[in-house]
């Protein structure tokens with residue numbers, strides 16, 4: 001009797017320390033990621049074709065003068081790094097959300113048709129309305145992204161009681177393919193459309209100023225708040241719709257909030273930078289290796305990972321190639337081998 | 001004397017056919033769907049062959065293809081028109097079949113040659129040929145596509161092999177390869193001038209308009225071997241669906257059978273992509289369309305094959321007759337025709353979908 005009780009309390013103590021250890025590990029991962037983010041942000045401002053000393057950077061930020069170095073820091077490197085920070089956070093969060101809501105580890109934030117919707121709107125704006133400025137593209141891209149995402153969500157929910165992972169996935173893939181066909185049909189017959197499309201499509205955070213950042217920042221902030229607020233519900237959702245309902249979750253509300261957050265975050269990112277492929281898929285997979293499947297930890301870690309990745313890629317692109325490779329390409333060239341290596345060596349956490 | 005009897009079998013939803021001691025049970029839909037699709041395919045192919053500067057009616061086309069007709073019609077059909085339609089059938093069928101194998105093994109509707117990197121590997125080869133080769137690219141493009149596709153396929157295979165092939169690990173590694181290829185392709189588009197970007201985009205979307213016998217011949221030979229072998233090897237696919245442990249318990253050599261099937265699917269996709277570009281959406285959509293038409297538990301291979309061919313040939317026909325669509329690559333129309341149909345099907349079947 002006493003032996004049994006003793007054994008029980010021992011295993012309980014073991015379980016307790018196990019969960020405590022896990023919590024400690026997650027906290028440490030979050031702290032390290034935050035530190036890494038601070039370091040790469042600093043590197044993003046200091047490094048480039050012309051390295052600038054930390055002291056000069058500090059001066060430029062606190063007490064600007066009309067010196068070349070200060071102008072470089074304030075008008076080129078700072079907006080670029082801040083935009084990378086916002087877009088990285090947004091795509092990291094959106095990626096972990098879309099993988100949760102479609103329960104598909106292959107889903108990336110573009111799956112809801114957001115990238116194609118934005119591309120279609122930008123191409124249409126150029127060809128039909130003759131819009132030529134970057135600011136024009138932002139609003140058209142954002143509107144197209146919202147519209148495409150709404151259509152996908154509506155199609156995924158028709159007929160039954162709300163959308164399910166499989167209907168969302170297929171509706172997204174079908175609508176994306178349809179829009180891709182239409183985009184090709186337009187740009188193949190129009191030189192100006194082609195010219196815009198091919199440069200817009202690679203995705204870049206270079207040569208954007210504070211105005212671009214200001215336009216998309218509110219949407220990203222709202223999206224981040226919604227996403228973080230919906231993480232406990234997503235943990236229940238990961239057990240399957242029926243179990244989540246049985247646990248008293250409002251599944252439909254969690255889904256609507258989640259999809260809204262994905263749309264806002266991805267739409268803002270794609271509007272500001274063009275489609276940055278692969279980041280939204282890579283960040284949650286890397287973060288999951290530190291945190292495990294708990295979304296309350298995964299979502300913030302994926303956000304930080306996304307930001308670290310995009311800024312690192314941007315700095316490397318500037319230092320190695322003198323800015324000839326856009327950031328999207330750099331992310332794939334660096335991130336994919338890391339990703340493949342980790343999957344090959346360690347295996348991956350399944351969703 | 002034995003009698004052939006068709007009756008309801010004891011398995012729900014299946015018919016049985018029996019002759020003496022030999023019997024077979026099948027589901028009606030898994031036979032009816034490919035038969036109807038083949039009939040439609042013959043019709044669409046004949047209509048497609050009939051199009052051109054001199055119109056040839058469907059009955060004349062069928063007559064000539066089966067050996068009749070006069071010398072002039074024979075010349076037009078066999079020398080000029082058949083390559084285009086035939087390559088549509090071959091490429092569409094191969095992509096549909098490859099997609100069905102990938103989706104079944106990965107048990108994921110998103111697993112297509114696109115996602116696995118084969119398409120984008122081929123894209124890097126072909127688009128480099130276009131951007132570097134300029135106007136002389138017509139020979140280098142299929143070759144570049146084939147080399148790129150096979151390289152990506154080999155990489156995918158080698159990197160995913162770790163004491164056997166695991167479907168999930170393979171798909172994730174495929175995504176990594178595909179991301180690199182995809183980004184290089186779109187970067188290459190910004191390197192060249194706007195004309196080579198247009199030509200490259202035409203290739204990326206998938207194009208049948210300038211194929212001749214010299215490119216159809218090798219594809220025909222390759223697929224004549226690959227398709228039957230794939231269909232024969234696919235016997236093990238339904239057992240693989242139970243998961244590794246159960247399949248192994250049932251006596252299946254899991255790693256060997258999955259490895260062979262994947263190799264075949266990679267080859268099918270590479271050959272098809274090299275011939276006509278990655279015709280958008282066929283490999284993703286046709287297995288899902290076939291699945292819903294046949295009402296099966298996993299993408300049916302034969303139906304995916306036939307429907308892939310049917311979708312591609314119909315899209316090619318639509319490109320040639322629709323006003324304003326002339327000169328568009330066929331891939332534009334496969335997406336525009338295929339996507340709404342897939343959406344319609346899954347909305348209709350909505351209640352049966354499970355998470």
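Please treat every number below as a calculation from the coordinates, not as lab data. The structure presented is a predicted model; accordingly, all values stated were derived computationally and were not measured. Neighbour counts are summed over all protein chains in view; Cβ atoms, including those assigned to glycine, are modelled from backbone coordinates with ideal geometry.
Structural remarks
- Between residue A:34 and residue A:65, the simple spin-label model (points 7 angstrom out along Cα→Cβ) gives 3.6 nm.
- For the range B:169-225, taking the reciprocal of the average inverse distance between every pair of different Cα atoms yields a Kirkwood hydrodynamic radius of 14.0 Å.
- Projected label distance in nm at residue A:139 and residue B:18, using a 7 Å step from Cα toward the beta-carbon: 7.5
- Cα centroid separation, the range A:19-42 to the range B:49-76 (Å): 71
- Förster radius 25 Å - calculated FRET efficiency between residue B:59 and residue B:36, Cβ distance, rounded to 0.05: 0.75
- Ordering A:135, B:168 from the fewest to the most neighbouring beta carbons within 10 Å gives A:135, B:168.
- Measuring r between the beta carbons of residue A:49 and residue A:341 and using R0 = 25 Å, the FRET efficiency lands at 0.25.
- Highest mean first, the peptides B:311-319, A:223-231 sorted by other C-beta atoms within 10 Å per residue fall in the order B:311-319, A:223-231.
- Entry note, the protein assembly as shown: the mean residue ellipticity at 222 nm calculated from DSSP H runs of n ≥ 4, each adding -39500 (n - 2.57), is -24500 deg cm²/dmol after division by the residues and rounding to the nearest 500.
- Averaged over the residues of B:334-344, the number of partner chain Cβ atoms lying within 10 Å of the residue Cβ comes to 5.
- Computed on the range B:205-355, with alpha-carbon pairs under 8 angstrom and 6+ residues apart, the relative contact order is 29 percent.
- Radius of gyration (Cα atoms) of the range A:5-155, expressed as a multiple of 2.2 N^0.38 Å: 1.58.
- Equivalent ellipsoid semi-axes, chain A, via Cα gyration tensor eigenvalues times 5, rooted, Å: 36, 29, 16
- Segment residue B:220-residue B:242, length gained on full extension (0.36 nm per residue, minus Cα span): 4.5 nm
- Alpha-carbon spread of the range A:227-335, three principal axes, descending order, Å: 56, 29, 17
- Normalised by 2.2 N^0.38 Å, where N is the number of residues, the alpha-carbon radius of gyration of chain B equals 1.03.
- Counting, for every residue in A:328-337, the Cβ atoms of other protein chains within 10 Å of its Cβ and taking the mean gives 5.
- Cβ neighbours within 10 Å from other chains - mean over B:21-33: 0
- Note on the range B:227-355: Cα-Cα pairs beyond 26 Å make up 34% of the total pair count.
- Radius of gyration (Cα atoms) of the range B:200-271, expressed as a multiple of 2.2 N^0.38 Å: 1.51.
- Descending semi-axes in whole angstrom, ellipsoid equivalent of the range A:46-94, from the Cα gyration tensor: 25, 11, 9
- Relative to its residue count, the range B:29-142 spans a Cα convex hull of 143 Å³ per residue.
- Full extension of the segment from residue B:163 to residue B:70, taken as 0.36 nm per residue of separation minus the current Cα-Cα distance, would add 27.5 nm.
- Taking all pairs of distinct alpha-carbon atoms in the range B:53-96, Kirkwood radius in angstrom: 11.2
- Between residue A:21 and residue B:78, the simple label model (points 7 Å from Cα in the Cβ direction) yields a spacing of 7.6 nm.
- Each 20 Å bin, from zero up to the one with the longest distance, holds this percent of the alpha carbon pairs of the protein assembly as shown: 17, 49, 27, 6, 1, 0.
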